[in-house]
Amino acid sequence: MKSAQQAQTLNPNIARTQTILGFADLAQTDIAQAKRAFEQALTLDSSDPLARLGLGLAKIRQGDLEAGKSELETAVNLDPNNAVIRSYLGKAYYELRNKDYAGKEFEIAKDMDPKTPPLTSTMPS
């Protein structure tokens, strides 16, 4: 967190700095602050898939699963070869009871990176 805050102090106009700060806030469960950092990152660079991932996770943490899923879908569209983002999207689909889409996302993620585990232990194999 200290490093992320120091980076932001040095140059708050770098999208990746805001994204890192957002993930640090998310890790400390300061969801509102994390959302602000991810939104600032997206203001600076709307094509950053990691900021979309973070914003999606923050929205899901706040209980807005549908809005979080939409952010994750955008992140996948921006970086379709990212197994981690696809795995999180699969988890969101699973939580929304869309097992077909969830299974496809988990399958794609596993094909891309066999070491990427599904993000749910309840997902059928």
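Each reported figure results from applying straightforward, stated rules to the coordinates on display, with no laboratory input. These numbers come from a predicted model, not from an experiment. Virtual Cβ from ideal backbone geometry, glycine too; neighbours counted across all protein chains shown.
Before anything else, pin down the relative contact order of the stretch 8-61: Cα pairs under 8 Å, at least 6 apart, normalised by residue count, whole percent.
For the stretch 8-61, the relative contact order is 36 percent.
Reachable aspartates and glutamates from residue 2, Cα under 16 Å, same-chain residues fewer than 8 places away excluded?
The qualifying aspartates and glutamates are 25, 30.
What FRET efficiency, computed as 1/(1 + (r/R0)^6) with R0 = 25 Å and r the Cβ-Cβ distance, is obtained for residue 67 and residue 46, rounded to the nearest 0.05?
E(calc), rounded to 0.05, equals 0.95.
Taking the alpha-carbon distance from residue 104 and a cut-off under 30 Å, which lysines remain once sequence neighbours fewer than 8 residues away in the same chain are dropped?
35, 59, 69, 91, 115
Students often check this: by mean Cβ neighbours within 10 Å, which of 3-15, 64-76 ranks highest, and how do the rest follow?
Packing order, densest peptide first, comes out as 64-76, 3-15.
Using a Förster distance of 41 angstrom, determine the FRET efficiency expected from the C-beta separation of residue 2 and residue 100, and round it to 0.05.
0.40
If I take every Cα pair under 8 Å that is 6 or more residues apart in the chain, average their sequence separation and divide by the length, what percent do I get for the relative contact order?
This gives 15 percent for the chain.
Build a GNM of the chain with springs between Cα atoms under 10 Å: which of 86, 61, 16 gets the top mean-square fluctuation?
Of the options given, 61 has the highest mean-square fluctuation.
May I ask you to derive the FRET efficiency for residue 33 and residue 107 from their Cβ-Cβ distance with R0 = 41 Å, giving the value to the nearest 0.05?
Once rounded, the FRET efficiency stands at 0.70.
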